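Asks: My questions all concern the structure below.
Throughout, read-outs are computed from the coordinates displayed, never taken from laboratory work. It should be emphasised that the depicted structure is a prediction, and the values quoted were computed from it without experimental measurement. Counting neighbours? That spans all protein chains shown, and the Cβs are built from the backbone with ideal geometry, glycine included.
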Amino acid sequence: MFRKVLIANRGEIALRIIRACRELGVQTVAVHSEADATSLPARFADERICIGPADPAKSYRNIPNILSAAEIAGADAVHPGYGFLAENSHFADVCESAGLKFIGPLPECISLMGDKAKARDLMAKNGVPIIPGSEGVISDENEGIDVARKIGYPIIIKAVAGGGGRGMREVHEETSFSAAFHAAKSEAESAFGNGDVYVEKFFIEPRHIEIQILADDKGKMIYLPERDCSIQRRHQKLVEETPSPVVDDRLRRELGRAALAAVTASHYVNAGTVEFLLDRDHNFYFIEMNTRIQVEHPISECVTGIDLVKEQIRIAAGKPLSFKQSQVKLNGHSIECRVNAESPETFTPCPGAITAFHLPGGPGIRVDSASYMGSVITPYYDSLIAKLIVHSSTREGAIAKMNGALSEFVIEGIETSLPLHKRIFKDLNFLKGRYSTTFLDHFLASPKT
Ligand code: MV4
């Protein structure tokens with residue numbers, strides 16, 4: 001096992017990684033910006049090193065400073081968490097060159113999955129269903145129009161370096177193709193420094209279903225029950241649940257089989273997530289693979305009893321998976337709310353000091369948070385205050401728990417998304433499990449009830 005892990009992240013995920021290391025008997029080094037000197041991860045890690053000013057480009061994304069901290073502390077591994085450098089193949093590469101184990105997949109695998117067109121072509125060749133569309137990138141407008149004619153409108157143009165919805169354009173008829181093509185390319189060029197795009201059939205109102213996988217370096221791999229992450233606004237997820245209200249055992253096995261085919265095809269090692277779109281007829285299609293631990297991982301932990309972060313560390317240390325597929329059992333239902341420091345109406349971030357903080361509790365209630373009474377949400381980082389996670393034997397039970405927990409959760413001094421979460425959990429369509437990726441837009445556009 002590792003002796004000392006450096007955590008190249010902040011906030012709740014840094015704390016989550018410290019907890020996993022502690023249970024494994026591994027020492028921890030927190031790196032923090034000047035703005036995070038009084039943060040809980042800086043306090044609870046065995047050691048802490050300041051790596052720069054609040055601006056993340058100068059601290060949490062500053063590779064030389066992080067590597068220097070690792071050398072000073074004598075760390076032998078780095079956990080990148082999510083965001084920041086988690087999916088930066090160059091960072092993974094220089095960690096390995098510096099003799100630090102990167103807790104995640106190989107750099108080649110990160111860069112493969114970072115190219116959505118390459119990932120898509122690899123999946124197609126390996127029997128993973130993909131959305132009808134172009135083979136590889138579209139080099140000019142006319143080629144794109146030909147592909148679009150073949151698959152039929154509506155289509156969507158996507159940046160190969162995309163993710164999080166940037167560099168995407170829907171096109172509903174041929175006359176709009178040209179403008180959308182050039183807009184997507186220039187947006188991708190300025191956002192990612194790569195203007196390459198590809199084309200897919202556009203799905204109206206799909207569900208976003210993802211499969212968590214774990215793979216060790218001995219070729220053993222498992223999948224976990226699906227997460228339904230359709231409740232989102234502008235690609236920011238607000239609520240996630242597992243299992244999906246619309247996935248049955250047969251479909252779950254098919255999704256799992258496809259996810260493991262993706263793992264095999266890419267020689268993937270460590271934790272990852274294979275994302276699918278699910279259409280009205282419950283056909284599913286690969287969209288992309290995330291090569292990091294995700295924000296919503298706790299709901300999968302609740303229903304399986306697997307500690308995903310401990311497994312990540314064990315796998316990186318060369319240990320075999322602790323579980324076989326036959327030991328992965330779906331136990332009950334789990335839901336997460338991401339509580340953000342933002343206006344529940346306009347979604348504008350709402351930084352400031354927390355002047356009162358009371359966490360809900362009781363059986364089946366988990367809160368992952370690095371906030372506390374008196375802590376300050378700064379404008380420099382994402383606005384996540386806490387993840388509220390509930391676990392019950394049924395979906396109805398989990399919803400009842402969530403309603404109770406939301407009513408007990410007190411955060412004062414800043415605006416939060418709690419009022420919005422309370423409304424979502426009273427919505428009839430949500431309660432019936434009838435929702436798609438467009439749910440929140442419709443919900444926000446309709447009058448409050
Ligand atoms: C799509 C789609 C419809 N059709 N692809 C958005 C981010 C990126 N990961 C993929 N995304 C989408 N791809 C086709 N062919 C709709 C979305 C999409 C979406 C996907 C998952 C979760 C939320 C979403 C919100 C809007 C659009």
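Asks: For the chain, what does -39500 (n - 2.57) per DSSP helix run (n ≥ 4), summed and divided by total residues, give at 222 nm, in deg cm²/dmol to the nearest 500?
Replies: -10000 deg cm²/dmol
Asks: For the range 301-344, rounded, prolate or oblate, judged on the Cα gyration tensor with a ≥ b ≥ c (square roots of eigenvalues), a/c < 1.5 rounded, else prolate if a/b > b/c?
Replies: In terms of gyration-tensor shape, oblate.
Asks: Another one. Using +1 at the C-beta of Lys and Arg and -1 at the C-beta of Asp and Glu, which of Ser407, Ala353, Phe276 has the Cα lying farthest in the positive direction of the dipole of the range 207-445?
Replies: Among Ser407, Ala353, Phe276, the one farthest towards the positive end of the dipole of the range 207-445 is Phe276.
Asks: Farthest toward the dipole's positive end in the chain, which of Ile156, Thr416, Ile145, given Cβ charges of +1 (Lys, Arg) and -1 (Asp, Glu) about the Cα centre?
Replies: Toward the positive end, the furthest listed residue is Thr416.
Asks: Dipole magnitude of the chain about its Cα centre, charges +1 at Lys/Arg Cβ and -1 at Asp/Glu Cβ only, in debye to the nearest 20?
Replies: That gives the chain a dipole magnitude of about 1220 debye.
Asks: Which of rounded, prolate, oblate describes the chain, given a ≥ b ≥ c as roots of the alpha-carbon gyration tensor eigenvalues and a/c under 1.5 marking rounded, otherwise prolate only if a/b is larger than b/c?
Replies: Judged from the Cα gyration tensor, the chain comes out rounded (a/c under 1.5).
Asks: Positive end of the charge dipole of the range 4-103 (Lys, Arg +1 and Asp, Glu -1 on Cβ, about the Cα centre): tell me which of Ile17, Ala73, Ser97 has its Cα farthest that way.
Replies: Toward the positive end, the furthest listed residue is Ile17.
Asks: Pairs of Cα atoms under 8 Å, at least six residues apart: use those to get the relative contact order of the chain, whole percent.
Replies: 14 percent
Asks: How high is the FRET efficiency from Ser190 to Lys125, r the C-beta distance, R0 30 Å, rounded to 0.05?
Replies: The value I calculate is 0.40.
Asks: Note down the nm distance, to one decimal, between modelled labels 7 Å out along Cα→Cβ at Leu24 and at Glu396.
Replies: In this crude label model, Leu24 to Glu396 measures out at 4.1 nm.
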